[in-house]
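Report on the structure given below.
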Amino acid sequence: MKPLSILGMCGLLLGMMACSPQEALPTLTPTPSDVPTITPVVFPTLPAQFTPTPSLALNITPSSTPILVEPLVGIEVEPPVRLSLPEGWRYGYDTILFRELGEVTSLPIALYQGDVTGGKGTIILVWNFRSVTTGNPFSSEYGRTNLWIDGLRLLRALVFDAQCNIGTEPQKEYRVGTLLAVGTSFAAVDCADTPNTRGWFAGLEVENVNFAFYMYTDPITAMDGEAQNELQAILDTAIFDFSQFSVPSNP
């Protein structure tokens, strides 16, 4: 079965379209280890009385290009974070099957999309993913969570198709709500099934759960204007609320 990126499934969930960049950023090739962190995050256990808020009913236009949908399992799990979306923005939740470190796991995802100045803005949230770290016990980084590396790993392996040419800039600090996050700007071009695009991601850990937000615009010229500030303004509204979740502490 051919792997399908989240970006490739956006048309199925929200009718999302990517964009064409003016120039790809320099490609950096991170080398994450294949050894999981010694403190993996455990999937939150929902209480029996918890009923996820249903996603908005979306009008989906079928694509003329066949889309492989098997990775989406149709399980909607509302993330423990609230974003105040501008009027007219839409959202959807699902769970995706993802092969990582030699095994198939499931990851909850959330997709948000709406108008920004000059085009369409998109936010993709991947959460509750495992962190990886160096397998060298003598390294100073052994056992440490590195959400920048995790964000790059998911960017290349899940958010975009592996065949895409992805370029990134050096690590930067961002803000999600009132919390600091790490990430970088990115560009993805020459993808097999999706248009070129660019944007940025921000990753952070809250209550022992990992979150990675991926933002981009269509067309690319929108990202050069007010759209970037408008997307950041949405991230600024983020409120993390675990009152409906029971998340085990890491050992």
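The values are calculated or read from the model by the stated rules, or taken from the named source; none is laboratory data. On a predicted model such as this, the values are computed, not experimentally measured, just so you know. Glycine gets a Cβ as well: all are built from the backbone with ideal geometry, and neighbour counts include every protein chain shown.
Looking across the range 115-126 at every residue that is of a type outside the set (Ser, Thr, Tyr) and modelled with pLDDT under 95, the one that is nearest to Ile234 (Cα to Cα) is identified as Gly121.
Residue-wise test of (1) modelled with pLDDT under 85; (2) assigned to a strand (DSSP E or B); (3) surrounded by 15 or more Cβ atoms within 10 Å (Cβ to Cβ); (4) of a type in the set (D, E, K, R).
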| position | (1), (2), (3), (4) |
| --- | --- |
| Gly135 | yes, no, no, no |
| Ser139 | yes, no, no, no |
| Tyr142 | yes, no, yes, no |
| Leu155 | no, no, yes, no |
| Gln163 | yes, no, no, no |
| Tyr174 | no, yes, yes, no |
| Cys191 | yes, no, yes, no |
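Within the range 93-106, the set of residues being assigned to a strand (DSSP E or B) and surrounded by fewer than 21 Cβ atoms within 10 Å (Cβ to Cβ) comprises Tyr93, Thr95, Ile96, Leu97, Phe98, Arg99, Glu100, Glu103, Val104, Thr105, Ser106.
The criterion of being assigned to a strand (DSSP E or B), touching a residue at least 12 places away in the same chain (Cβ under 8 Å) and under 15 Å from the mean Cα position of the chain (by Cα) holds for Gly183. If the condition is being in contact with a Leu (Cβ under 7 Å, 6 or more places away or on another chain) and within 12 Å of Val209 (Cβ to Cβ), then the range 115-130 contributes Val126, Asn128, Phe129. The residues in the range 98-114 that are over 23 Å from Tyr216 (Cα atoms) and either among the aliphatic types (A, V, I, L, M) or at pLDDT 95 or above (or both) can be counted, and the count is 2.
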